[in-house]
2 protein chains.
Amino acid sequence: MTLADTAPAAEPRASLRERKKLATRRSLRRHALDLVAQRGFMHVTVEDIAEAADVSPRTFFNYFPSKEAALFGADPERVAALREGVLHQAPGEPALDALRQVLVAEARKVTSELGDLGGEPQEMLRRMKVVRADPHLRAAQSAHMANIESALAEALAERLGKDPARDPYPALLASIAGAVIRATTVFWASTGGAEPLDQLTDRAFQALADGMPEHCSLRPVIRTAAPGKDEE
Amino acid sequence: MTLADTAPAAEPRASLRERKKLATRRSLRRHALDLVAQRGFMHVTVEDIAEAADVSPRTFFNYFPSKEAALFGADPERVAALREGVLHQAPGEPALDALRQVLVAEARKVTSELGDLGGEPQEMLRRMKVVRADPHLRAAQSAHMANIESALAEALAERLGKDPARDPYPALLASIAGAVIRATTVFWASTGGAEPLDQLTDRAFQALADGMPEHCSLRPVIRTAAPGKDEE
DNA sequence: GGGTCATGTTGCGCTCACTGAAAGCTGGTA
DNA sequence: TACCAGCTTTCAGTGAGCGCAACATGACCC
């Protein structure tokens, strides 16, 4: 495994130490995903993953707080970026719209060829397929998302100038946003990534804005303005 | 601790064995809640709980699959009831409305004086206060809710005659319903139960049906008997 | 009441996730 | 080169959770 690849290196090339750390992180992530895809989450131990990545088990926990985190650990920086987006995206417009824009953009990033964290293409898809297959992992994903939802709720409350202790709206919206993300992502994986995740996300938010009608257009729709759109 | 109390005994009085089992279950739940409320989830071991309830630690796991489950374990029968409700409540009406009715009714039951599982009054409130305080527990609650969401999604798909593999609507709606439950419940706890949970739930669903407008009426509204619609 | 069976409880041993501390290794730097 | 900061490893320990084999106890029948 070479250390200096896959990254377009827009930055002045991090120190060797940093590169090694990033490589180890990726290696752990990658091997965790591989092993879990092969054997199922339950039948993979942290020791297995560490061994595959050629580090000690203890080192695994220096990188990830839990076995699950190696699969869908969102870096703090990404959460901070979401926060930032929720606060400042589309000022003046409704928070729901801003949230929608931010999350659609995030979905696009995460599923772009490079994959998140600069990993392999399709990595996100593989990850979600694995998650989809295992109820325990779906639960763990929900748990993980709960933390992100908290951050979102906080940001939404700030944007709206509402006191979370008095108004449930920010927390409610944040929870719903999390639900949308989880549902669309799992569905996306179940179709093998046939329809881009960002479009699915956008349509889900449209349905939400329309009051979740039963015959809503969760299937491809011709929309003006933003993303080009196809019909089915 | 007497065995035969708290239950109005509409039934022919279960066998001694059944009564003991139920008593043990309640005792474990109760002591788990007490201890966690005192010391925090992290600082309570299963051994502590078992000791307090006067059973062996092994027995604890005969009743609950995990430490968390003693706090917010929904009995399978209750989930089955939800499923049933989603399938057959308000036939002909939109699934969202049926879901709303079912969950509002559930909220009323769960927060009724008797508490769920026939426990103490206010037990639900104490439980949710504890959950609200601890991020780990909030995550665990999300994880737990994910399972219920799966059941809801299945039921919704059946009701709507939609194929979950082709249409994300049922899963999306189920996830959102779970999000609504979690958000409203946590908020309800944060207000100390000032406003009835079922009303909060109903208003949250109203907001959802209205497309989550920012200035929606999540605060008390004068509403007539049945969901006779209000304008905001 | 006594015998028998089904069911529930317990003790034991084990795996594995996860953590703190101390010692060893390695890259950055003067 | 020498030193220091930061990373990795080893080690020892806690605690969740599970399978299994006794053991205890209601339930049932006579």
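Some values worked out for this structure:
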quantity	calculated
A:SER56/B:ALA165 FRET efficiency (R0 35 Å; Cβ-Cβ; nearest 0.05)	0.25
Between A and B, accessible area buried - total, square angstrom, nearest 100, 1.4 angstrom probe	3300
Where a label projected 7 Å from the Cα of A:GLU47 along Cα→Cβ would reach, residues of the range A:54-74 with amide N under 14 Å	A:56-58
Computed FRET value (nearest 0.05) for B:GLU18 with A:ASP134, which takes r as the C-beta separation and R₀ as 60 Å	0.95
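The values are calculated or read from the model by the stated rules, or taken from the named source; none is laboratory data. Not measured: the values here are computed from a predicted model. Because the Cβ atoms are built from the backbone with ideal geometry, glycine has one as well, and the counts that use them run over all protein chains shown. To get the accessible areas, we keep the full protein, side chains included, count just its heavy atoms, and leave off ligands, DNA and RNA. Shrake-Rupley method; radii C 1.70, N 1.55, O 1.52, S 1.80 Å.
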